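S.K.: One structure follows; several queries about it will come next.
The values are calculated or read from the model by the stated rules, or taken from the named source; none is laboratory data. Predicted model only: the values in this text are computed from it and were never measured. No Cβ is skipped: glycine too gets one built from the backbone with ideal geometry, and neighbour counts run over all protein chains shown. Just so you know, the surface numbers come from the protein's heavy atoms only, side chains and all, with ligands and any DNA or RNA stripped out. Shrake-Rupley method; radii C 1.70, N 1.55, O 1.52, S 1.80 Å.
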Amino acid sequence: MVELKVFKQIRDNRFNTCLYGGFQTDEYLLYVMEYLSRGSIHNLISAHAPLSPVVIRMLTSEIICGLQYLHGKGILHRDIKPSNVLLDEYV
């Protein structure tokens, strides 16, 4: 429920993914989220390492913008890692 509240608070930010809904089965809690076609930063690094400084700067700046927005709303993200940062497009 905490994640659902957080996602509802950040709908208007382009640097954070959108949650469209969610539901629960006997075994799972499932979220219906925005489709991000480029996978994660982990996938990007695995496929295209080493990344150019331009791409690294762009990705870093967008992550910072997303985190600043979250922090401005009093939200702390505790699990930042390459496999949790999803991409819709990149250079």
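S.K.: Could I have the simple spin-label model distance between GLN68 and ASN43, label points 7 Å from Cα toward Cβ, reported in nm to one decimal?
M.R.: 2.8 nm
S.K.: Continuing with the same structure: For segment 1-87, give the magnitude of the charge dipole about the Cα centre (Cβ charges: +1 Lys/Arg, -1 Asp/Glu; no others), in debye to the nearest 20.
M.R.: Result for segment 1-87 is approximately 340 debye, rounded to the nearest 20.
S.K.: While we're here: Run the numbers for ASP79 and GLU27: contour at 0.36 nm per residue of separation, minus the present Cα-Cα distance, in nm.
M.R.: Full extension from ASP79 to GLU27 adds 16.4 nm.
S.K.: Ignoring ligands, DNA and RNA, what percent of the accessible area of segment 1-87 is carbon or sulfur (1.4 Å)?
M.R.: Heavy-atom surface of segment 1-87 belonging to carbon and sulfur, 1.4 Å probe: 57 percent.
S.K.: Something else now. Suppose we keep just the alpha-carbon trace of the chain; what are its Rg and Dmax in angstrom?
M.R.: Taking only Cα atoms of the chain, I get Rg and Dmax of 14.4, 46 Å.
S.K.: Run lengths n ≥ 4 of DSSP H only: what is the helix-derived mean residue ellipticity at 222 nm for the chain, with -39500 (n - 2.57) per run over all residues, to the nearest 500?
M.R.: That comes out to -12500 deg cm²/dmol.
S.K.: When the chain is treated as a GNM, springs tying every alpha-carbon pair under 10 Å, which of TYR28, TYR69, TYR20 comes out with the largest mean-square fluctuation?
M.R.: In the Gaussian network model the winner is TYR28.
S.K.: With θ set to phi - 60° and the Karplus curve 6.51 cos²θ - 1.76 cosθ + 1.60, what are the ³J(HN,Hα) couplings of segment 26-42 in order, to the nearest whole Hz, using x for Gly and Pro?
M.R.: Those phi angles translate into 5, 10, 9, 10, 10, 10, 9, 10, 4, 7, 10, 6, 9, x, 10, 5, 4 Hz.
S.K.: Less than 20 Å apart at the alpha-carbon level, and either on another chain or at least 8 residues along: which lysines does that give for LYS73?
M.R.: LYS5, LYS8
S.K.: Calculate, in nm to one decimal, what TYR35 and ASN13 gain on full extension: separation in residues at 0.36 nm each, minus their alpha carbon distance.
M.R.: Extra length from TYR35 to ASN13 when fully extended: 6.4 nm.
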